[in-house]
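Take a look at the structure below.
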Amino acid sequence: MLVALGSSACGPGKASEPADGATEDGASGEATTSSSSSTAPAETTAPADSTTSGTTGPSVDDTTGPAMACGNGIIELGEQCDGEDLADATCLNLFGYPGEVTCTPECAFEVIGCVPPGMIYIPAGEFEMGSDAYADDERPARQVNVDAFYIDATEVTVADYAECVQAGECNQPGLGGDCNYGVPGRDDHPLNCVSFTDASIYCEWAGTPFHQRLPTEAEWEKAARSDDARLYPWGDAPPPSCTHVSMDEGTGGGCGANSTLPVGSKPMGDSPYGVHDMAGGVWDWTADWYAPYDFAETDNPTGPPTGMLKVMRGGGWGTTDLGWFRSSARIGQRETNVNRNVGFRCAQDPPVLE
């Protein structure tokens, strides 16, 4: 991706004009120094009071040459941050949404701070996935590595999904009964009564021109419990109740509302990353086929390539069994299942500069 921009905001210096031989993207080519950087023979050294024109870069050392550093204004081999093509790069002009671009010590742009609107950044790293203390399909508990990704802060709302339907890209979800679509006053409620296929179509549409998708089961669990193996998104205690979860405590679904609640209504139940409603609200579709865990699959696991059922996570507003609100709990459902308790959220890989 080549973007015409102004002077560099990365590092301590300002980018000067690209040196002779620098490539368009600033990623290769050695900078040349001005004629003043040559050391004249001792007997013809210029007088001490003379000046050298055009010396805007760092000083030159007779032994080591120009100082090499990100932000020094010289385009050195492999650098981006000193290059004119990506100087003053911002998330807004690179990707179309706000955020913060930074520079790595290697003088390459780091764009993980360009978080899409409505999403939360989940850092790369290991976490404990599964549990040996509960259901057989949660075993074995094991350390799993997941690359960095973004995930929706809330479940997809009725209003979100309606935009896709109105654009002619998404199918109309289920209607009537306890389904939210088309019900006045439910625009900020989670969309429910939606199939796996229709959820997948929405994520692809919502991410245009960047690829969004349903989260993998491993991504979903990491976003829910972080890296400390906590039982619920909010910790190991207290047990689930309407303080933390939109559920059925015995007085009716949605904590007595007999419907879903607006997304984010239970902030006490947020995950360590600030993701809402990872327990309760609606069950979330994930991308994986439902099957026993493969103990050997520990690096960005995606489950088996085929299957009969897709994994759902998190419990719903009509759920009474507290066990389903554990972050490691999982259930398999047919892709065509359209249920009042079933919804979804989307995920996205970090953008890449090419």
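The values are calculated or read from the model by the stated rules, or taken from the named source; none is laboratory data. Since we're looking at a predicted model, the values are computed, not measured. Every residue, glycine as well, gets a Cβ built from its backbone with ideal geometry; the counts of neighbours run over all protein chains shown.
Matching residues to (1) outside the structural domain of Leu92 (by TED's automatic domain parsing); (2) more than 22 Å from the chain's Cα centre (by Cα); (3) hydroxyl-bearing (Ser, Thr, Tyr):
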site: Tyr161; (1), (2), (3): yes, no, yes
site: Gly168; (1), (2), (3): yes, yes, no
site: Pro184; (1), (2), (3): yes, yes, no
site: Asp187; (1), (2), (3): yes, yes, no
site: Phe196; (1), (2), (3): yes, no, no
site: His211; (1), (2), (3): yes, no, no
Take Val338 and decide whether it is within 28 Å of Glu126 (Cβ to Cβ) and either part of a loop (DSSP other than H, G, I, E, B) or modelled with pLDDT under 95 (or both).
-> no
Pro140 vs (1) crowded, with 16+ Cβ neighbours inside 10 Å; (2) on the phi < 0 side of the Ramachandran plot; (3) of a type outside the set (A, V, I, L, M): all pass except (1)
Of the conditions (1) over 30 Å from Pro184 (Cβ atoms); (2) surrounded by fewer than 14 Cβ atoms within 10 Å (Cβ to Cβ), Thr298 fails just one. Which one is it?
-> (2)
How about the range 183-219: which of its residues are out of contact with any helix residue (DSSP H, G or I) (no Cβ under 8 Å at 6 or more places or on another chain) and either farther than 30 Å from Val352 by Cβ or part of a loop (DSSP other than H, G, I, E, B) (or both)?
-> Pro184, Gly185, Asn192, Cys193, Ser195, Gly207, Thr208, Pro209, Thr216
Does the range 166-186 include one or more residues that are within 30 Å of Thr298 (Cα to Cα) and of a type in the set (Asp, Glu)?
-> no
Of all residues making up the range 247-287, the number that are of a type in the set (Asp, Glu) and buried (at least 24 other Cβ atoms within 10 Å of the Cβ) = 2
Please verify whether the range 181-191 includes one or more residues that are surrounded by fewer than 15 Cβ atoms within 10 Å (Cβ to Cβ) and touching a Gly at 6+ places or on another chain (Cβ under 8 Å).
-> no
Does the range 304-318 include one or more residues that are closer than 17 Å to Val146 by Cα and surrounded by 22 or more Cβ atoms within 10 Å (Cβ to Cβ)?
-> no
Subset of the range 186-241, residues farther than 23 Å from Trp289 by Cα and β-branched (Val, Ile, Thr), comes to Thr208
The residue that is modelled with the lowest pLDDT, considering only those in the range 64-119 that are among the small types (Gly, Ala, Ser), surrounded by fewer than 20 Cβ atoms within 10 Å (Cβ to Cβ) and over 29 Å from Gln212 (Cβ atoms), is Gly65
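Residue-by-condition table, conditions (1) of a type in the set (Asp, Glu); (2) within 25 Å of Tyr161 (Cβ to Cβ); (3) at pLDDT below 95:
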residue: Glu249; (1), (2), (3): yes, no, no
residue: Asn258; (1), (2), (3): no, yes, no
residue: Asp277; (1), (2), (3): yes, yes, no
residue: Met308; (1), (2), (3): no, no, no
residue: Ser328; (1), (2), (3): no, no, no
